[in-house]
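One structure is given below, encoded as structure tokens.
The values are calculated or read from the model by the stated rules, or taken from the named source; none is laboratory data. Source: prediction; values computed, not measured. Please note: Cβ atoms are built from the backbone with ideal geometry, for glycine as well, and neighbour counts cover all protein chains shown.
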Amino acid sequence: MTVRSDVRSPDLFERLMERLMVWHDPAAEMRRVARYEGTRQRAIAARRRSEVVLKSYGAESRAVIRRRGK
């Protein structure tokens with residue numbers, strides 16, 4: 001009687017890649033991607049806040065107008 005496990009065994013390509021890429025750590029890659037996504041989200045939020053501040057200026061000075069290229 002054979003018992004089937006829920007764990008999938010790696011195929012030939014996966015085994016070859018694991019042998020060739022001994023430096024590759026999937027968990028570290030996932031942490032890097034999560035850290036990058038956090039940085040990206042903070043950058044988007046900062047950009048949105050800065051756009052709100054720029055739009056809130058009622059009367060812009062000549063320096064601001066010149067810097068923005070209007």
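All of VAL7, VAL22, VAL3 fail the test of being modelled with pLDDT under 75, among the aliphatic types (A, V, I, L, M) and within 25 Å of the chain's Cα centre (by Cα), apart from VAL22. Which of the residues spanning the range 49-59 are assigned to a helix (DSSP H, G or I) and exposed (fewer than 10 other Cβ atoms within 10 Å of the Cβ)? Within the range 49-59, VAL52, VAL53, LYS55, SER56 meet the criteria. The one condition from (1) at pLDDT 85 or above; (2) surrounded by fewer than 10 Cβ atoms within 10 Å (Cβ to Cβ) that GLU29 does not meet is (2). Among what's in the range 1-26 and is outside any helix (DSSP H, G or I) and among the hydrophobic types (A, V, I, L, M, F, W, C), pick the residue that is surrounded by the most Cβ atoms within 10 Å (Cβ to Cβ). So the residue we want is MET21.
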